[in-house]
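A.B. asks: I have a structure I would like to understand better, so I am pasting it below and will then ask my questions one at a time.
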Amino acid sequence: MKDLGIYFTSIDPPILQFKPNQLGSKIIQNSKSYEPPVKGSVALIFVPEYRNSALLTSGQNLQNIRTELYQLYSGDWQASVYDLGTILPGKTVEDTWTAVRDVLETLIKHDVFPLVVGGSQDLMLPIYQTYHKLEQAVNILDVDCALDMGSPEEEISDTAWLNKILLDKPSCLFNYSLFGYQSYLTDIKELNLLNEMLFDHYRLGEFVSDEKIVEPIVRNSDILSFDLNAIRSSDYTANSLELPHGLYGEEACRIMRYAGLSDKLTSAGIFNYRESIGQNRSSKLVSQLIWYFIEGYNLRKGDYPAGNKKNYTRYTVAIDDFKDEIIFYKSDKSSRWWMEVPYPKVHGSKYVRHFMVPCNYADYENALKNEMPDLWWKTFEKLC
């Protein structure tokens, strides 16, 4: 693996005595000399780059997350966890982005999962651009209280970054999903634009009504972007918007655990952390988000249905006025469900990772009731 040590400052570990099963005694730290992460491990990357945001923070507070994380006890984990250190902001924001792209490309190529702890959410642009070099079409899941679209003329920021990804060429974006947004914080015209592009959006109220909807959405993603402002300020006191509504802390942790469990997901970022009153509570929550991700990662089943499907139960459903049958697969390992969408061979292997669409049992039940799944149609349209 390429030596990435040049991008990181070494870690000053918290001055604490750790018990044998606390993460502080288990995480492999870049404290003296850089040690390349091994295949199948998780690599924590702290990036205190805030210059494209209005967040009043020095970035030094990311150390608080590390201090809290190291005091947590590990589960029965087999995967190694590395704390690669901090990518300090470069002379320009673009310099920081270059470092992020180079680090993520190297790690993903070597089957190491990069978990970026930022920094403002405009870091999503270099994370997304990493996949250009990997020549991989991707799905982005954005857990956010609002849609950070912005306009083409607007400078990129933590609240205006998505348009830069949509306009970035060559495009490797297959799908974008906005999850947990609050309608009164979001422009309906921008949501209509997402509809026109066959992208997905799910209100916070939809999740409150049916918490099961989030798991297949997470499982269908390659990149997770988690804006901490999606968590209500009573649970996340550093919420820069001081929002009374949002995800509860335990719901945010559940989403991160689902992210860890997803075999398809290859990178993730937690963004918009800042100094605030109640700092310890906020850093404790973020450290627990990281803990739940690592927990899920260690429970991965390796059951994404690519290639041989002998370990899956196949179900076919005929729907009136539809010439083809809808094919579902249920994993014998995890009992999770997928739908198969016809994949045009003309595309070669470009979108081959996207024709098996994660779903849940309710989608199968609805198909039995002669209801065509919207997700099937959206995926079919994009594949064609």
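A.B. asks: Starting with the highest mean, order 60-69, 357-366, 308-317 by the number of other Cβ atoms within 10 Å, averaged over the residues of each peptide. Intermediate values should be presented prior to the final figure.
C.D. replies: Numbers: 60-69: 19.6, 357-366: 17.6, 308-317: 12.8.
Those peptides, ordered most packed to least, come out 60-69, 357-366, 308-317.
A.B. asks: Given springs between every Cα pair under 10 Å in a Gaussian network model of the chain, which of 164, 212, 330 has the largest fluctuation?
C.D. replies: Highest fluctuation among the options: 212.
A.B. asks: Which entries of 26/330; 39/301; 2/301 have Cα-Cα distances beyond 27 Å here?
C.D. replies: Over 27 Å apart, Cα to Cα: 26/330; 2/301.
A.B. asks: Here is a follow-up. Report ³J(HN,Hα) in whole Hz for each residue of region 70-80, in order, from the Karplus equation J = 6.51 cos²θ - 1.76 cosθ + 1.60 where θ = phi - 60°; Gly and Pro get x.
C.D. replies: Karplus-based 3J(HN,Hα) across region 70-80 equals 5, 8, 7, 8, 7, x, 7, 9, 9, 6, 6 Hz.
A.B. asks: In addition: May I ask you to list the lysines whose Cα is less than 21 Å away from that of residue 382, ignoring any residue fewer than eight positions away on the same chain?
C.D. replies: Candidates past the 8-residue exclusion: 164, 169, 264, 323, 345, 350.
A.B. asks: Which aspartates and glutamates have a Cα less than 20 Å from the Cα of residue 133, not counting those fewer than 8 places away in the same chain?
C.D. replies: The qualifying aspartates and glutamates are 3, 94, 95, 102, 105, 111, 122, 168, 222.
A.B. asks: Sticking with this one: Spelling out what I want: for every residue of region 133-146, take phi, set θ = phi - 60°, compute 6.51 cos²θ - 1.76 cosθ + 1.60 (Karplus), and round to whole Hz; glycine and proline get x.
C.D. replies: Once θ is set to phi - 60°, the couplings for region 133-146 become 5, 7, 6, 10, 6, 10, 10, 9, 10, 10, 7, 7, 7, 8 Hz.
A.B. asks: With Cβ to Cβ distances under 10 Å as the rule, what net charge do the other residues near residue 52 carry (K, R +1; D, E -1)?
C.D. replies: Taking every Cβ under 10 Å from that of residue 52, the sum is -3.
A.B. asks: What relative contact order, as a whole-number percentage, does the chain give when Cα pairs under 8 Å and 6 or more residues apart are counted?
C.D. replies: Details: 750 pairs, mean separation 55.1, N = 384.
Contact order relative to length: 14 percent.
A.B. asks: Taking H placed 1.01 Å from N in the peptide plane, check which residues at least 5 places from residue 82 or on another chain put their amide H under 5 Å from its amide H.
C.D. replies: 28, 42, 43, 44
A.B. asks: Once you've got the GNM for the chain with C-alpha springs shorter than 10 Å, pick whichever of 234, 177, 157 has the biggest mean-square fluctuation.
C.D. replies: 234
A.B. asks: Oh, and also: Using θ = phi - 60° and the Karplus relation 6.51 cos²θ - 1.76 cosθ + 1.60, list the HN-Hα couplings for region 253-265 in order, rounded to whole Hz, with x at every Gly or Pro.
C.D. replies: Result, rounded to whole Hz: 5, 5, 4, 5, 5, 4, 4, x, 5, 6, 5, 7, 5.
A.B. asks: Which residue, 233, 209, 53, tops the fluctuation ranking in a GNM of the chain built on C-alpha contacts under 10 Å?
C.D. replies: Comparing 233, 209, 53 in a Gaussian network model of the chain, the most mobile one is 209.
A.B. asks: As a check on your grasp of the helix formula, calculate [θ] at 222 nm for the chain: sum -39500 (n - 2.57) over DSSP H runs of n ≥ 4, divide by the residue count, round to the nearest 500.
C.D. replies: Value at 222 nm, helices only, nearest 500: -9000 deg cm²/dmol.
Rule-based calculations on the coordinates, nothing more; no lab input. No experiment lies behind these values; they were computed from the predicted model shown. Every residue, glycine as well, gets a Cβ built from its backbone with ideal geometry; the counts of neighbours run over all protein chains shown.
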